[in-house]
Amino acid sequence: MALEQEDFEQIEQLIEQRIADTSVVRNENVYYELELKIRMQRLEDESKHSRELIVQRFEWMDERFKAASEENNRRFEQVEKKMDEQREENNRRFAEAKKESNRRFEQVDKRFEAMHQEIVGLRVDIHRTR
């Protein structure tokens, strides 16, 4: 069986159509793969940017916590200093009150001693006059 020109043309058309179909499928696959790669790259970029934002926010939080801690320490030191000053003032006032009490007790003791001497003197006088 010999092939005629018409058969050759038909075979050629089939081959060209097959090549064109394969090329279109291949191009569609390449286009789809390229689109997937572009999407993956965008996702990676967005993910990287999100990680950078998260890291930056954590750094900001660390700075805020550090500043708050320093402020709290400063306030506690002020409160402690004020309490120390009040304690010293109270100690000073109690020491002064103690000195004043001792001075008054000494005056009372002197008065009692003077009264005792006076009573002893009167007693002696009473015994002499009897």
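So, ARG75, is that one assigned to a helix (DSSP H, G or I), basic (Lys, Arg) and modelled with pLDDT of 95 or more or not? So ARG75 fits the description; yes.
For (1) outside any helix (DSSP H, G or I); (2) surrounded by fewer than 10 Cβ atoms within 10 Å (Cβ to Cβ); (3) of a type in the set (Asp, Glu), each residue gets a yes or a no:
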position: GLU52; (1), (2), (3): no, no, yes
position: GLU70; (1), (2), (3): no, no, yes
position: VAL120; (1), (2), (3): no, no, no
position: ILE126; (1), (2), (3): no, yes, no
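Has the range 14-27 got at least one residue that is within 42 Å of the chain's Cα centre (by Cα) and not hydrophobic (A, V, I, L, M, F, W, C)? No, the range 14-27 contains no residue that is within 42 Å of the chain's Cα centre (by Cα) and not hydrophobic (A, V, I, L, M, F, W, C).
The values are calculated or read from the model by the stated rules, or taken from the named source; none is laboratory data. Just so it is clear, the model here is predicted, and its values are computed rather than measured. So basically every Cβ, Gly included, is an ideal-geometry build from the backbone, and we count neighbours across all protein chains shown.
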